[in-house]
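The values are calculated or read from the model by the stated rules, or taken from the named source; none is laboratory data. Just so you know, these numbers come straight off a predicted model, no measurement behind them. So basically every Cβ, Gly included, is an ideal-geometry build from the backbone, and we count neighbours across all protein chains shown.
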Amino acid sequence: MPPSDRVLALTGLFIVMGSLAMVTLWSVFGTVFFAITVAYVLYPVRRRLANRGVRPRMAAGLSTVVAFVVALGVFTPLGYAVYVRRSAFFGLIEDLPQEFSITVLEMSHTFTVTTIIDAVQETATTMALDAAGAAPVLALKFFLFVLLVYALLLKPTLPAKAVHQTVPPAYHDIFEALHERLRDTLYGLYILQGATGVGTFLIALPVFFLLGYDATVTLAVLSGVLQFVPIIGPSVLIGILVVTEVLAENAVQGMVVGTIGLVFIAGLPDLIVRPRLSAIAADLPGSLYFIGFTGGILTMGAIGIIAGPVVVALFAESVELLASEQQSATHA
């Protein structure tokens, strides 16, 4: 039975008001988007608690606490490590030769390390001042994020019911296919990448310690965070360390760091952690994931980390649905 004129009118009103709300609340759109995706991932936790007899409000509250604890566990070590080891980082740079030359096609290019150090320190100071000035806004957005996650988990089935009642039954299979692709993509982004990041941290911690680095925790945390960067991952950190060792005239140490780092830190987590959890990840090739990740960041900023791969995954699903529909029509 097709939807009534009243339902269609209300659907149009929803689209218009939703567009108006997006324009009006664009400054917090990223917060709202992240809250929706996190609630999407936490829904199974909320459902399991409800199935065990926990009241809806309590189940939503406990699920929100899970999100809060996980977020705190991710960002606190990163911020603490970067703050505590900032002097060691600048000390490492200051230990480099004041000048170094690179010869390409018999042409020598000389670079001054002092200029690089000054630029890095100036950038770090500016970022620290900007972060301090934006602290009240960030606190407000974080409160909004927690509130939205709780509200979405309190009534998680209302959006799906509204869509099912609005969309004609003949198109419900399309809606379900997009829903499953979205769910798998978000699980892959949050759970798979998060677990791989934790595994990378646990592996990198003893490796960097055995390699003789003082900033062991900082480097291990950065390695785990870089797992969220597709394809490249912690390899970029290993590359920076190798270049640093070579510039400091420690070529042998650079080779050791490069070999061990690429094998154990950049490669081992993908061989141990990722295959065990790959069943919950989206069937999205790494190349498309990288395109979505990179394009999302360049277009939308931080929100693009999630939005980019999600859009690419849904686009890939729509292409598969179209191809399947055309194949069915051909054989009919």
Against the conditions (1) in contact with a Leu (Cβ under 9 Å, 6 or more places away or on another chain); (2) in a helix (DSSP H, G or I); (3) at pLDDT below 85, where does Ile232 fall short? Just the number, please. (2)
Considering each residue of the stretch 300-326, count those that are surrounded by fewer than 18 Cβ atoms within 10 Å (Cβ to Cβ) and either over 20 Å from the mean Cα position of the chain (by Cα) or closer than 21 Å to Val38 by Cβ (or both), and give that number. 14
Filter result for the condition that a residue is surrounded by 17 or more Cβ atoms within 10 Å (Cβ to Cβ) and either touching a Phe, Trp or Tyr at 6+ places or on another chain (Cβ under 9 Å) or within 30 Å of Thr11 (Cα to Cα) (or both), over Leu237, Leu189: Leu189
Could you tell me whether the stretch 285-296 includes any residue that is at pLDDT below 75 and of a type in the set (Gly, Ala, Ser)? yes
Residues being modelled with pLDDT of 80 or more and farther than 24 Å from Pro309 by Cα - total across the stretch 146-184: 5
Just wondering, is there one or more residues in the stretch 92-102 that are at pLDDT 85 or above, outside any helix (DSSP H, G or I), charged (D, E, K, R) and more than 29 Å from Pro136 (Cβ to Cβ)? no
For the condition in contact (Cβ under 8 Å) with a residue 60 or more places away in the chain and within 26 Å of Phe29 (Cα to Cα), what is the one hit in Pro168, Pro156? Pro156
